[in-house]
Amino acid sequence: MEDGLATRVTGLLRAHVDRAPQVTPEFGREMAQSLLGVLVAFLHSFQRKVERFLEAPGDPAPPEATPGRAIALANCCPPFR
């Protein structure tokens, strides 16, 4: 699992960052900045869910996420720690 999500996410981002400059260099820069922004938002959301779980592990799971899965991902994916 260590290579699963982290590798898939970074591989997908890398593919777009590598191809975008072929359109124009400016488009490549804009695509890279946009993808970094999306990645930051994802990681912040992921972090909040893990923190919420750690604060109250006995509380019912929020409807939009499964805290146990978030913890498992954080523990198995060093890039997301």
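The values are calculated or read from the model by the stated rules, or taken from the named source; none is laboratory data. Quick caveat, the model's predicted, so the values are computed rather than measured. Neighbour counts are summed over all protein chains in view; Cβ atoms, including those assigned to glycine, are modelled from backbone coordinates with ideal geometry.
Considering only residues of segment 28-81 that are assigned to a helix (DSSP H, G or I) and of a type in the set (Asp, Glu), which is modelled with the lowest pLDDT?
Filtering segment 28-81 for residues that are assigned to a helix (DSSP H, G or I) and of a type in the set (Asp, Glu), the one modelled with the lowest pLDDT comes out as Glu55.
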From the list Phe27, Phe42, which residue is of a type in the set (Phe, Trp, Tyr) and more than 13 Å from the chain's Cα centre (by Cα)?
Phe27
Hey, Ala6 surrounded by 15 or more Cβ atoms within 10 Å (Cβ to Cβ), at pLDDT 80 or above and not in a loop (DSSP other than H, G, I, E, B) or not
no
